[in-house]
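Engineer: Input: one structure, supplied below.
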Amino acid sequence: MSGKNRILILFFCIMTICLIFCKEKQTITDPTPENPIAVDKENREVRIAARLNRIWCDESVSVHNCVVYVNGIRAPKALFQAYCNHADFFDALIDIGADPGTDMGDNPDSAAVPNGSKFDVSFRWEGAPKSYTLNEFVADSLGRPFEIHMHNGRDRAVSTNMGCILCYTSCNISITSNKNYNWFEKMQMCYPFRPNPTILPADSTLIIIIFRLAD
């Protein structure tokens, strides 16, 4: 074998090793209103782009809609209006390995809560000193921390077009919701939630919302 062939073989061996062991880490860019979902399978997270609907912290009390698709029926009552639709968001969560759990049904039991994968949810925007959790900028007068889980109600979410992506209380339509308030409490209009206007930015600010699978 000639020296030239040995060099070529060595070169290809080195390139093969680099491809196997030195694979470049995928760079995930933040979502935008035009491209509203970013899926990061390596870190098991989904990022979505939304805008702040500040009326729910300046002029009234936020009800049970935290994040809703901007073209969904419930969007006017949401603190955050997402640029991605609820069905695409559900599918993105499945892509990172989330378990949707079981469907609460059309007429849930009073104790029903979402039982799919649990998520750590954070919010950030340009100029924010850090990323915030719901517990940091939404006060609950009953003192219960937010525990966000996925719910297996994709078909119902699509057929109703409510647009719900994250609700403050357990919900049979929203893709994710808060397990610490069951269906009975939702139906009793138990909404002790107060967003903090001193933390949240100006109306219509672009918000990046990160849903990361909890360990």
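Engineer: Taking just the alpha carbons, could you work out the radius of gyration and Dmax for region 62-215, both in angstroms?
Structural biologist: Considering region 62-215 through its Cα atoms, Rg and Dmax are 14.4, 43 Å.
Engineer: Please turn the phi angles of region 67-74 into ³J(HN,Hα) values with the Karplus equation 6.51 cos²θ - 1.76 cosθ + 1.60 (θ = phi - 60°), one per residue in order, whole Hz, x for glycine and proline.
Structural biologist: Whole-Hz 3J(HN,Hα) from phi for region 67-74: 10, 9, 4, 4, 9, x, 4, 8.
Engineer: Also, quick follow-up: Go through region 93-109 residue by residue and turn each phi into a ³J(HN,Hα) via Karplus (6.51, -1.76, 1.60, θ = phi - 60°); whole Hz please, and just put x for glycine and proline.
Structural biologist: 5, 4, 4, 8, x, 6, 9, x, x, 9, 7, 5, x, 6, 10, x, 5
Engineer: For M162, what residues show an amide H to amide H distance below 5 Å, using hydrogens built from the backbone and excluding near sequence neighbours?
Structural biologist: Hits under the 5 Å cutoff: I73.
Engineer: Would you kindly derive the ³J(HN,Hα) couplings of region 168-174 from the backbone phi angles with the Karplus curve 6.51 cos²θ - 1.76 cosθ + 1.60 (θ = phi - 60°), listing them in order in whole Hz, with x for Gly and Pro?
Structural biologist: Result, rounded to whole Hz: 5, 10, 3, 9, 8, 10, 5.
Engineer: How many angstrom lie between the Cα centre of region 176-214 and the Cα centre of region 71-125?
Structural biologist: The distance from the Cα centre of region 176-214 to that of region 71-125 comes to 12 Å.
Engineer: Compare the Cα positions of A157, F123, A82 along the charge dipole of region 82-158 (+1 at Cβ of Lys, Arg; -1 at Cβ of Asp, Glu; about the Cα centre) and return the one farthest towards the positive end.
Structural biologist: It is F123, whose Cα lies furthest towards the positive end.
Engineer: How much length is gained on full extension from N196 to A128, taking 0.36 nm per residue of separation minus their Cα-Cα distance? Could the numbers behind the result be given before it?
Structural biologist: On the way: separation 68, 0.36 × 68 = 24.48 nm, distance 1.41 nm.
Stretched out fully, the N196 to A128 stretch lengthens by 23.1 nm.
Engineer: To the nearest 20 debye, what is the magnitude of the charge dipole of region 32-147 about its Cα centre, counting +1 on the Cβ of each Lys and Arg and -1 on the Cβ of each Asp and Glu?
Structural biologist: Numbers: 11 positive and 18 negative charges, 73 e Å.
With only Lys, Arg, Asp and Glu charged at Cβ, the dipole is about 340 debye.
Only the coordinates and a few stated rules stand behind these numbers; no lab work does. Note that this is a predicted model, so its numbers are computed, not measured. As a convention, Cβ positions derive from the backbone with ideal geometry for all residues, glycine included, and neighbour counts pool all protein chains shown.
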